[in-house]
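**Q** Have a look at this one before I ask anything.
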Amino acid sequence: MSLTLTPDSNLRSPISFRVANLSVPPLSLLTLLITLIAVALDQFAAPALYTSSPLWAVAAAMALVWRRGGINFGRETKSGSPGFSLQREPGARKIGFSLVRITLFVGAHVVLVSAARFLHGLLEPIAGTDSFAGWITAAVKLFVLLPTLLLLPVKRWLILARTYAAEGLAALVVLFTFFPGRILTALWPWYGQVLGRLVFFIAGFFVPGLTYTSALTPTLDGPDLDVNILLACSGISGIELFDCLFAFVALLDWNRLRKGRALFAYVGGVAAMFLGNAFRISAFVIFGNRGFADVVARFHLSAGWIFFSVLFLLYLSLTYRKLLITPG
């Protein structure tokens with residue numbers, strides 16, 4: 001894989017929007033920073049609200065906005081500079097937030113924390129479970145992001161949404177798909193059967209006499225080695241590794257990425273990890289029943305990280321060039 005570096009300055013979209021004497025990039029960063037601090041304080045004050053997804057999503061948005069560039073905290077003095085401007089609201093400060101909106105923002109967080117502390121005894125037993133109530137509780141925890149909407153009027157949010165549509169979509173991907181342990185746990189009764197049947201189909205060509213037992217933890221019985229496919233074998237470690245590595249690559253190359261292709265590449269990469277996990281378990285079944293049972297039993301856990309890392313590098317080598325904007 002060959003990397004050709006292109007200066008970020010050639011690919012950054014110039015941003016000169018002005019809102020209340022503050023250009024859009026600093027306004028967005030300041031809004032995200034305030035949100036990150038508020039969410040962290042909410043979770044500290046009310047442990048029932050704890051979930052890492054909002055924190056990672058906001059942090060990802062901050063990193064991508066910063067990586068996008070165009071950060072300029074100084075005032076623009078050129079009257080003919082291009083851009084979009086709005087008149088400052090009466091009573092608004094130079095940072096772009098009115099005292100009324102900050103008060104509403106703080107008050108909304110106080111209400112959320114108070115409600116969570118009051119309902120702690122009710123929420124604690126169902127938090128983290130796969131029941132309907134558990135999923136509702138998980139959704140409620142995301143409410144800590146809603147008070148941020150009170151910081152700015154609708155017109156300013158529309159400006160930020162247009163300017164940072166790609167960064168916002170990336171943050172939503174992080175919010176709902178990164179660290180998918182809860183989703184895989186809920187889907188395991190069905191996904192486990194699909195995974196077990198697929199492994200049985202692949203390994204059956206190489207292991208005569210292999211049998212399949214359908215259960216919550218599917219079992220493949222072979223002549224020398226029986227393999228139980230547990231929830232830990234669902235490929236979740238590979239998905240989490242892929243998420244982290246793909247996010248790292250996206251952050252480094254954000255200004256050179258074709259954002260639509262990057263989204264499709266992410267979805268395709270997750271699918272590749274799931275399929276690769278099926279081949280990984282199939283290899284364990286095949287080699288374990290071909291005289292390498294002791295080796296498989298000893299190294300099957302540590303070998304997973306090596307396998308998924310190699311798979312990620314292979315996938316990246318096949319897709320990387322297609323994700324970049326071609327310098328013209």
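**Q** From the list Ala186, Ala161, which residue is surrounded by fewer than 18 Cβ atoms within 10 Å (Cβ to Cβ) and farther than 21 Å from Glu240 by Cα?
**A** Residue meeting the stated conditions: Ala161.
**Q** Return the residues of region 208-222 that are buried (at least 19 other Cβ atoms within 10 Å of the Cβ) and not in a strand (DSSP E or B); say none if nothing qualifies.
**A** Once the filter is applied, which keeps residues that are buried (at least 19 other Cβ atoms within 10 Å of the Cβ) and not in a strand (DSSP E or B), region 208-222 yields Leu210, Pro218, Gly222.
**Q** In addition: Which members of region 288-328 meet the condition of being more than 24 Å from Asp243 (Cβ to Cβ) and surrounded by fewer than 19 Cβ atoms within 10 Å (Cβ to Cβ)?
**A** The initial filter retains those residues of region 288-328 that are more than 24 Å from Asp243 (Cβ to Cβ), namely 288-299, 326-328.
Within region 288-328, Arg290, Gly291, Phe292, Ala293, Asp294, Val295, Ala297, Arg298, Phe299, Thr326, Pro327, Gly328 meet the criteria.
**Q** Residues being closer than 22 Å to Gly196 by Cβ, in a loop (DSSP other than H, G, I, E, B) and touching a strand residue (DSSP E or B) at 6+ places or on another chain (Cβ under 9 Å): count how many of those fall in region 223-269.
**A** 1
**Q** Aliphatic (A, V, I, L, M), surrounded by fewer than 16 Cβ atoms within 10 Å (Cβ to Cβ) and at pLDDT 90 or above: is that true of Ala170 in this structure?
**A** no
**Q** Follow-up. Of the numbered conditions (1) within 23 Å of Phe264 (Cα to Cα); (2) assigned to a loop (DSSP other than H, G, I, E, B), Arg162 fails exactly one; give the number of that condition.
**A** The one condition Arg162 does not meet is (2).
The values are calculated or read from the model by the stated rules, or taken from the named source; none is laboratory data. Just so it is clear, the model here is predicted, and its values are computed rather than measured. All Cβ positions, glycine included, derive from the backbone under ideal geometry; neighbour counts span all protein chains shown.
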